[in-house]
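Structure, as structure tokens:
Since every read-out is calculated from the coordinates, none of them should be taken as a lab result. This one's a predicted model, so the numbers in the text were calculated from it and none came from an experiment. Virtual Cβ from ideal backbone geometry, glycine too; neighbours counted across all protein chains shown.
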Ligand SMILES: [Ca+2]
């Protein structure tokens, strides 16, 4: 997934401080230097980019009550198996977030929850490492009778009916999507045709 976001839900009500947010693929922190945004910043010295500058002596800071968020754009779809959060080295024990969800997105619009943490405690400068499940890539081909691609392919969770992803196929109907292990149904939509829904498919 290209976009990664931490949604912070609990911590000190005065401020949030975070030295580093690392997204690790194949042993490398691929978040370094990537565009980072957040719900706010104390000043340019404490801008969101300070959380992805590969320097534990700098930090993102925003003096406001929760919730907060921090988002990184990796520039291209990337499979992340591990992420790390590093506390600020002088006051991180007090001002680090204690609960969050991690989400990823292909387009920055539709987000999938990848991890959730709560009740965390910190020491100054502490590094916390979290392992997340990798998605599974699924593929298909969807065309109408003329051979043209359908307009869209919609993936939903089979039990909750929750929307997972909408894909616009290639002109030949080929499509691909990254989903977590689970059960899904897949619907095909084309102008002038009745929608078709197949499934449930078990992805494991
Ligand atoms: Ca930093």
Whole-number percent relative contact order across region 3-131, with pairs defined as alpha carbons under 8 Å at least 6 apart: 35
Label-point gap, in nm, between residue 123 and residue 42 - each point 7 angstrom along Cα→Cβ: 2.3
Semi-axes of the equivalent ellipsoid for the chain, Cα gyration tensor, largest first, Å: 38, 16, 15
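Taking 0.36 nm per residue of separation and subtracting the Cα-Cα distance, what length does fully extending residue 107 through residue 166 add? Please list the in-between numbers first.
Values: separation 59, 0.36 × 59 = 21.24 nm, distance 1.05 nm.
Gain in length upon complete extension: 20.2 nm.
How much of the calculated P(r) for region 1-102 lies past 15 Å, in percent of all Cα pairs? Could you put the intermediate results ahead of the total?
On the way: 2912 of 5151 pairs.
Beyond 15 Å sits 57 percent of the P(r) for region 1-102.
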Point-to-point label distance, residue 12-residue 63, nm (Cα→Cβ direction, 7 Å offset): 1.2
Region 136-203: C-alpha pair distances exceeding 15 Å, %: 48
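What value, in deg cm²/dmol to 500, does the helix sum -39500 (n - 2.57) over DSSP H runs of n ≥ 4 give at 222 nm once divided by the residues of the chain?
Values: 1 runs with 4 residues, N = 204.
After summing the helix terms and dividing by the residues of the chain, the value is -500 deg cm²/dmol.
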R0 of 35 Å, Cβ-Cβ distance residue 201-residue 56: FRET efficiency to nearest 0.05: 0.20
Inter-site label distance for residue 191 and residue 174 at 7 Å from Cα along Cβ, in nm: 2.5
FRET efficiency, residue 152 to residue 115 (Cβ-Cβ, R0 22 Å, nearest 0.05): 0.15
Within region 10-24, backbone nitrogen closer than 17 Å to the virtual label 7 Å beyond the Cα of residue 98 toward Cβ: 10-18
C-alpha center-to-center spacing [region 137-173, region 42-62] in angstrom: 40
